[in-house]
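Notes follow the structure.
Nothing in this text is a laboratory measurement; each read-out follows from the coordinates by a stated rule. Source: prediction; values computed, not measured. Glycine gets a Cβ as well: all are built from the backbone with ideal geometry, and neighbour counts include every protein chain shown.
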């Protein structure tokens, strides 16, 4: 079980890294931006990352669906 927990933390940290370096990160000047609202501390957030977008999430869901992600 410990190996599974470590793997989930590693994958979540990798996703966090990808999101921080994404062109739609809040620090960029784009029409669609997001911020991470879950804590940075892995012990506080576990394997969850929650994002807050500055646009209607229906648009985001549509784009993710078109790419087969959702």
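Computed on alpha carbon atoms, what radius of gyration and Dmax characterise the chain, expressed in Å?
Over the chain's Cα set, Rg and Dmax evaluate to 13.6, 42 Å.
How far is it, in nm, from the label point at residue 70 to the one at residue 16 when both lie 7 Å from their Cα along the line to the Cβ?
Here the modelled spin labels are 2.4 nm apart.
From the helices alone, meaning DSSP H stretches of at least four residues, give me the mean residue ellipticity at 222 nm for the chain, per-run term -39500 (n - 2.57), in deg cm²/dmol to the nearest 500.
Using -39500 (n - 2.57) per qualifying helix, the result is -14500 deg cm²/dmol.
If r is the Cβ-Cβ distance from residue 56 to residue 35 and R0 is 22 Å, what FRET efficiency results, to the nearest 0.05?
0.85
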